[in-house]
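Just below is one structure, and these are the notes that go with it.
The values are calculated or read from the model by the stated rules, or taken from the named source; none is laboratory data. Worth saying up front: this structure is predicted, and the values here are computed from it rather than measured. No Cβ is skipped: glycine too gets one built from the backbone with ideal geometry, and neighbour counts run over all protein chains shown. Each accessible area value is taken on the protein alone, full model and side chains, heavy atoms only, with ligands, DNA and RNA left out. Shrake-Rupley method; radii C 1.70, N 1.55, O 1.52, S 1.80 Å.
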Amino acid sequence: MIQLNTFLTGALVCQTGSNMATIESILRENRIFPPANEFVRHANITGMKTYEALRQEAERDYAGFWAKLAKQYITWHKPFTRILDDTNPPFYKWFDDGELNISWNCLDRHLTTQANKTAIIFESDEGEVIRCSYRELHQRVCRFANGLKALGIRQGDRIVIYMPMRIEAVVAMQACARIGVIHSVVFGGFSAKSVYERIIDAGASAVITADEQTRGGKRHALKATVDEALAMGDTTSVHSVIVFRHTGTDIPWQPERDRWWHNLTASQSDECEPIWVNAEHPLFTLYTSGSTGKPKGVQHSSAGYLLGAIVSMQWVFDYHSEDIFWCTADVGWVTGHSYVTYGPLAIGATQVIFEGTPTYPHAGRFWEIIQKHRVTTFYTAPTAIRSLIKLGPDLPEKYDLSSLRLLGSVGEPINPEAWMWYYTVIGQSRCPVVDTWWQTETGSHMIAPIPGAIPAKPGSCTLPLPGIDAAVVDETGLPAEQGKGGFLVIKRPFPSMLRTLWNDPERFRNTYFPADIAGGHYYLAGDSAHRDQDGYFWIMGRIDDVLNVSGHRLGTMEIESALVAHPLVAEAAVVGKPHEIRGEVIVAFVVLRGKLPDDQQAAEIAETLREWVSSEIGAIARPEEIRFGENLPKTRSGKLMRRLLRSLARGETITQDISTLENPVILEQFSQTI
Ligand code: WT7
């Protein structure tokens, strides 16, 4: 049972099912929701005492704690004898004399016990359902891996995957893992330019794609985008493009380079001996935005990464063998890597994969899928929750959501009102909500409630998982005062952390272990946070200029570079502005070459630039607003006054010192919304 009294002294404990009308008026969040008894009865980890015991175990023998889990949850081809190698910080290694294969751990090891269990329940955009058992998935992965080998693809090669959200995307990733090929998935919504940049940075030898993808009733060209990307520069490293036939539309074809997926796999064997790799062998790279420069190729290991995914499935998602797990993330994001492709399969779960969008062909689509497939564990992003709240509470009420037992949230802080709606309307005050804080770089959950143990507070990701030494500190590395903001850091290396940035170890060190914060000894997450009287973590936002649009990280620099690459633009700066549904939207401040445009021209140019950014980066980076001025506000030393721009974007009164502005009239110009 929960030890509330000792742990949460003086805190207000609410009854479940609290009244929505009171929610908005509560400014300082002090509601606490202990897990329901019914949930605790069946939970993997129950009560604060158990949680505290696990934390203390990790405290007493940190390496031993992780080694025990690594032996328990991973099947090793060659057992490891070394645990943590920290002789060359910050380049840490875990279990590095062990050997394993990730795909073998996700597939083969289930064949003796549950070959006929459904691994994937796939639902297409149009509602077609395809079930795939562990045995079938294993065969499909083997056949495809053999196909890759037939093309001369070998261990250590890099492959870019640009696929729709279908079973084939998982097959492609798993097949790479099976033969030691490092995959780099590019989200299907990204542009040709993004695909090109990732191909070049990774030095990819092949691209796996489809003719088109279908989402929300709309079709988007994938193969044509890959063709465009490959024509953008020297992409001779790419010898093969493998194309999955999805919609069957006509596509351009280069016979010496392009291969149909179905032809490649047609005569391949259903068996493919896995390549046993070292624990530290890179499993994948995934590109993510930073505040400066090009996207960073976050490089993950094999064993440590897998361990994080499995342990969090157990602890945070409280995995039970009869669960129907549904994570709505696309495999183009890290959430789709850890909680679609790897975690659920490694643990032997049945999961739903959905190709479409929450509101097509009707606004109840998510709830309909939960009802139809009897989903027990549902994991989505606050932006999706907020957009569904808008559609009204009566909509979910039309569906039978009684199969649900756990709800999860990821990507950005979830506002307390959205949390309450999720908890009461979707979870019917029965299901714990796990607000999971983590990052592309951390590979798996870091700070999140263990649902049978830790009472939740709406808007807080609660407490670190056992073995994760998270803290909020000042520059010197000392703990920030209670309630005061500071840098969110992780003080000790942990198994699932990124190992480096692809081809850029210096940038890895400077970004995540900068010498001027705590002497460079801690992993710096890039978020600010504070802790309350119970030690709960509250994420406050990024410390850099990274934006969070619909739960996805976008670098200001990338968008600014895209804007100035347009011939009409001389200078540009972008900032985020809070948005009810999408978290943040992009406001761009643009200085054009030549005169300030009149209103009509401004509207036309703004539209041109929006389209331009969409095609340069992807629709997700499209600026919501574009404002024009004669120059950008800068300090005397020439530094962009980003905070001032943020105030202008939000329509706030200006409190910053503007005495150094050469041309104050730009404040007037940049206040105009187009
Ligand atoms: C950034 C990481 C982790 C997968 C999805 C995004 C923000 C993420 C939360 C949360 C508050 C959150 C942080 C973090 N973030 N989850 N539960 N509460 N903020 O991965 O693109 O690597 O972004 O997303 O700012 O640093 P990502």
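Quick one: which strands (runs of 3 or more DSSP E) sit completely within the stretch 335-416 and have at least 2 residues that are β-branched (Val, Ile, Thr) and closer than 30 Å to Trp538 by Cα? Don't jump to the end; show me each part of the working.
Working: elements: 350-354, 377-380, 406-410.
Qualifying strands (runs of 3 or more DSSP E): 377-380.
Taking every residue in the stretch 406-426 that is touching a residue at least 60 places away in the same chain (Cβ under 8 Å) and pairing it with any residue that is of a type in the set (S, T, N, Q) and more than 15 Å from the ligand (Cβ to nearest atom), at least 6 positions away or on another chain, the pairs with Cβ-Cβ distances below 6 Å are Leu406/Thr377.
Return the total of residues in the stretch 275-290 being in contact with a strand residue (DSSP E or B) (Cβ under 8 Å, 6 or more places away or on another chain) and either open to solvent by 10 Å² or more (accessible area, probe 1.4 Å) or within 11 Å of the ligand (Cβ to nearest atom) (or both). Explain how you work it out, then say what you get.
Going through the stretch 275-290, the residues in contact with a strand residue (DSSP E or B) (Cβ under 8 Å, 6 or more places away or on another chain) turn out to be 276-280, 282-290.
Next, from what is left, pick out any that are either open to solvent by 10 Å² or more (accessible area, probe 1.4 Å) or within 11 Å of the ligand (Cβ to nearest atom) (or both): 276, 278, 280, 282, 286-290.
Within the stretch 275-290, residues that are in contact with a strand residue (DSSP E or B) (Cβ under 8 Å, 6 or more places away or on another chain) and either open to solvent by 10 Å² or more (accessible area, probe 1.4 Å) or within 11 Å of the ligand (Cβ to nearest atom) (or both) number 9.
Could you tell me which residue of the stretch 125-151 is farthest from Ala349 (Cα to Cα), considering only residues that are part of a loop (DSSP other than H, G, I, E, B) and open to solvent by 40 Å² or more (accessible area, probe 1.4 Å)? The extreme case among them is Glu126. When we screen Ala363, Ala381 for residues that are out of contact with any Phe, Trp or Tyr (no Cβ under 9 Å at 6 or more places or on another chain), within 16 Å of the ligand (Cβ to nearest atom) and under 23 Å from Gly217 (Cα atoms), the only hit is Ala381.
Can you name every residue in the stretch 529-545 that is within 13 Å of the ligand (Cβ to nearest atom) and either more than 9 Å from Thr462 (Cα to Cα) or assigned to a loop (DSSP other than H, G, I, E, B) (or both)? The answer is Ala529, His530, Tyr536, Ile539, Met540, Gly541, Arg542, Ile543, Asp544, Asp545. Taken together, Arg509, Arg430 contain a single residue that is out of contact with any His (no Cβ under 9 Å at 6 or more places or on another chain), in a loop (DSSP other than H, G, I, E, B) and touching a residue at least 60 places away in the same chain (Cβ under 8 Å), which is Arg430. Taking Glu168 as the residue in question, decide whether it is open to solvent by 40 Å² or more (accessible area, probe 1.4 Å), in contact with a Phe, Trp or Tyr (Cβ under 6 Å, 6 or more places away or on another chain) and acidic (Asp, Glu). No, not satisfied. Restricting the stretch 384-418 to residues that are open to solvent by 10 Å² or more (accessible area, probe 1.4 Å) and polar (S, T, N, Q) leaves a set whose member that is nearest to the ligand (Cβ to nearest atom) is Asn415.
Restricting attention to the stretch 325-335, does a residue exist that is more than 15 Å from the ligand (Cβ to nearest atom), open to solvent by less than 10 Å² (accessible area, probe 1.4 Å) and at pLDDT 95 or above?
Filtering the stretch 325-335 for residues more than 15 Å from the ligand (Cβ to nearest atom) gives 325-326.
From what's left, open to solvent by less than 10 Å² (accessible area, probe 1.4 Å): 325-326.
Right, trim to at pLDDT 95 or above and you get 325-326.
Taking every residue of the stretch 325-335 in turn, at least one turns out to be more than 15 Å from the ligand (Cβ to nearest atom), open to solvent by less than 10 Å² (accessible area, probe 1.4 Å) and at pLDDT 95 or above.
Scanning the stretch 364-384 for residues that are modelled with pLDDT under 95 and either over 22 Å from Pro416 (Cβ atoms) or of a type in the set (Val, Ile, Thr) (or both) yields one hit, Thr383.
All told, Trp260 meets the bar of being free of Cβ contacts under 8 Å to residues at least 24 places away in the same chain, out of contact with any Cys (no Cβ under 7 Å at 6 or more places or on another chain) and open to solvent by less than 50 Å² (accessible area, probe 1.4 Å).
One line per residue, one yes/no per condition, for (1) buried (at least 20 other Cβ atoms within 10 Å of the Cβ); (2) not aliphatic (A, V, I, L, M):
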residue: Val549; (1), (2): yes, no
residue: Glu560; (1), (2): yes, yes
residue: Val574; (1), (2): yes, no
residue: Ile581; (1), (2): no, no
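Considering every residue within the stretch 459-469, establish whether at least one is away from the ligand (no atom under 16 Å from the Cβ), open to solvent by 10 Å² or more (accessible area, probe 1.4 Å) and on the phi < 0 side of the Ramachandran plot. Yes, the stretch 459-469 contains at least one residue that is away from the ligand (no atom under 16 Å from the Cβ), open to solvent by 10 Å² or more (accessible area, probe 1.4 Å) and on the phi < 0 side of the Ramachandran plot.
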